[in-house]
Amino acid sequence: MEGLILAIDTATDIASAAAGSPREVRSVVAAKGARRHAAQIITLVDRALAAAGARARDLAALVVADGPGSFTGLRIGWAAAKGLAHERGIGISAVPSLMAAALGAAELIGSPVAACFDALRGQIYGAVYGFQPDKVDCLVAPALLTVAELVRIAPVRPRVAVGDGALAHAEEVGRWTGAPPVGLDALRPLAASLLLLAARAGAARELPDPLAAEPVYGRPAEAQVKWEARHGRPLPDPSRPIG
Amino acid sequence: MAEVVLGIETSCDETSAAVLVGEPGRPELASLVILSQDVHKVFGGVVPELASRAHLAALPAVVDRALAEAGVGWGAVEAVAVTQGPGLVGALLVGVVYAKALAYARDRDLIGVHHMEGHLFAPAVEDSELAPPLVALLVSGGHTLLLDVPAWGRYRLLGQTRDDAAGEAFDKIAMLLGLGYPGGPAIERLARQGDPARFTFPRPMRDDGFDFSFSGLKTAVLHVARASEDLERDRPHLARAFQDAVLDVLVAKLERAVRLTGYRTAVLGGGVACNRTLAALAAARLTGLARVVVASPRLNADNAAMIARAGWFRLGRGERSDWTLDARADLPLPGLEPAAPQVPVPPSPPAP
């Protein structure tokens, strides 16, 4: 990727935007409070671009946090990315929010890292990553599971676990990793990690049609789950084609 | 003042974009694209999470198509008008954030629009001569509003629903009669085959103030339907009697509002205004009193042309939203003034 890249993350309680390149984070700004993400996201983008001495017209590409994460939060980041990309005619790539959190923890403590976001009802969105300068090894792909299940399927023992899911199950993950879990508050805002991961092999999801793409939500809508269980078949396609 | 405004609407289960082009006081509709989300039909109502997901997937393509049909490139778009509320907050957020990004990307003007103000402006998309003072009856799946409009942007609330919106009542009765979602068009179709004398339902609050209540009527229909020995036979008659009752109440209050204000124009707007029987009944009852103005059906459904038109008005007054614009499910109508003291008006005569 050449030129200025803007990274946007609204998948967690901390929204952030960063500008720069995969080699250099020129600016990163963040704001806490999921309920304010929609109101703040463009201001964050503007501040990140201004701090990098740039404007929207200078953008060459976008990277946005993929799920899992808050459904609404993901859509806010993706709607902002789509609006900017659509207008400027530039591409979008998507990097899992769990991977961005894991990179932040790896920079503090070391690799590999288990990233765990709280999925409520005793479950987490969990993944395990190993980081190298030019590539990311996905040791456990993002999945909805329990900490015990993650421990069982992980091929390595991570150096640390990160995220609110790790904090919610601190004792269990502490026994596994041998280190106290790290919260997202302790990390550099995730948008900076998205930027650094954008060009690393194994990190970004290809979006052949970014404007029509959807985030990886991590799980289907509750109504869809119930309908499919009741009818024993997939829910019909959500939208009627235009025209 | 912008001469090309892009409108975006995502408040419920229609993903819509439209382009208005023209001189400051005379916008012309250059394009309107509405994508209906069929997924909700199997649920018998709108599932908010699915609606939000579908908006995010479809919105850029809908906007592309609106721009292409208008023959307008990005460079020509001077302002973006987007539905800020009320509506499903998750669905609104997709449109609001996307619209903000479009506006920010090229320093365009941005204006958040109240969905019901959009419905009020819908007939003005087709009729540039339409002007207040007027009385507006705005009836949709989420709202039933009777407004005194002395001027664009100035609204006095005469009445609103105390429970179900009129469109909601149509949807619920359609579900009861096994007609699916959305219920309005299905009830109107079935009612054409119904005998108006077979059943009669109460007209709640018909002669009592300007507020509405449709919950009791819904229950009355439910009781009769449950007591029916042959529901299949009775369905058209129930649909007819229900529709007659709702429309009688709506039009009776509209007529009294026209008599109270003395205005010579009455606007019907919102999804329920697609009901041709309502428009015909209003026109008949208001003959000699006021001209009844109803937009064409695609402008009465949830659509972005009406949002662009209301946005055009607000932009023309110098109003702008900033980058902190946020979706609000309970957004109050801008320009709402305290209701004028109501002079007692004699009840409307019985329906002919």
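Odds and ends about this structure:
- Close amide H contacts of B:Thr265 (hydrogens built in the peptide plane, cut-off under 5 Å, sequence separation of 5 or more or a different chain): B:Val135, B:Arg291.
- Computed 3J(HN,Hα) for region A:51-58, one whole-Hz value per residue from the Karplus formula 6.51 cos²θ - 1.76 cosθ + 1.60 where θ = phi - 60°, is 5, 8, x, 10, 10, 4, 5, 7, glycine and proline marked x.
- Those trypsin sites (Lys or Arg not before Pro) in region A:1-67 that DSSP places in a loop and that have at most 10 other beta carbons within 10 Å: A:Arg23
- You can think of it this way: the chain between B:Glu3 and B:Arg328 has 114.3 nm of extra reach, that is 0.36 nm per residue less the Cα-Cα gap.
- Working note: 222 nm ellipticity from helices only, DSSP H runs with n ≥ 4, each -39,500 (n - 2.57), summed and divided by the residues of chain B, gives -13000 deg cm²/dmol to the nearest 500.
- Per residue, the protein assembly as shown exposes an accessible area of 38 Å² to a 1.4 Å probe, with every protein chain left in place.
- A:Asp134-A:Asp185 FRET efficiency (beta carbon distance; Förster radius 30 Å; 0.05 resolution): 0.55
- When the protein assembly as shown is described by a simple charge dipole with +1 on each Lys and Arg Cβ and -1 on each Asp and Glu Cβ, the residue from A:Leu145, A:Val45, B:Val42 located farthest towards its positive end is B:Val42.
- Simple label model, 7 Å out from Cα along Cβ direction - A:Lys32 to A:Leu108, nm: 1.3 nm
- Ordering of B:166-173, B:288-295, A:201-208 by burial proxy (mean other Cβ atoms within 10 Å per residue, highest first): B:166-173, B:288-295, A:201-208
- On association of chains B and A, roughly 3600 Å² of accessible area becomes buried (total for both chains; probe 1.4 Å).
- Per-residue ellipticity at 222 nm from helix content only, as computed over chain A with -39500 (n - 2.57) for each DSSP H run of at least four residues, stands at -10000 deg cm²/dmol.
- Peptide B:102-110 has a mean of 5 when you count, residue by residue, the C-beta atoms of other protein chains within 10 Å of its C-beta.
- Applying 1/(1 + (r/R0)^6) with R0 = 35 Å to the Cβ-Cβ distance of B:Arg264 and A:Leu144 gives a FRET efficiency near 0.05.
- Close amide H contacts of A:Val182 (hydrogens built in the peptide plane, cut-off under 5 Å, sequence separation of 5 or more or a different chain): A:Ala161, A:Val162, A:Gly163.
- With the simple model of a label 7 Å out from the Cα in the direction of the Cβ, A:Arg121 to B:Asp163 spans 3.4 nm.
- Note on region B:135-246: antiparallel DSSP beta bridges, both residues inside, total approximately 90 percent of the bridges counted.
- Placing +1 on the Cβ of every Lys and Arg and -1 on the Cβ of every Asp and Glu, with nothing else charged, gives region B:22-109 a dipole about its Cα centre of roughly 220 debye.
- Test item: Cα-centred dipole of region B:134-296, Lys/Arg +1 and Asp/Glu -1 on Cβ, debye: 500 debye
- Separation of the A:Arg205 and B:Ala280 label points, Cα + 7 Å toward Cβ, nm: 5.2 nm
- Charged-residue dipole, Cβ positions (Lys, Arg, Asp, Glu), chain A about Cα centre, Debye nearest 20: 240 debye
- Residues whose amide H falls under 5 Å from that of B:Leu331, counting only those 5 or more places apart or on a different chain, are B:Gly87, with hydrogens built in the peptide plane.
The values are calculated or read from the model by the stated rules, or taken from the named source; none is laboratory data. Given the structure is predicted, the values throughout are model-derived calculations rather than measurements. Cβ: placed from backbone, ideal geometry, glycine included. Neighbour counts: every protein chain shown. The accessibility values were calculated without ligands, DNA or RNA, using every heavy atom of the protein model including side chains. Shrake-Rupley method; radii C 1.70, N 1.55, O 1.52, S 1.80 Å.
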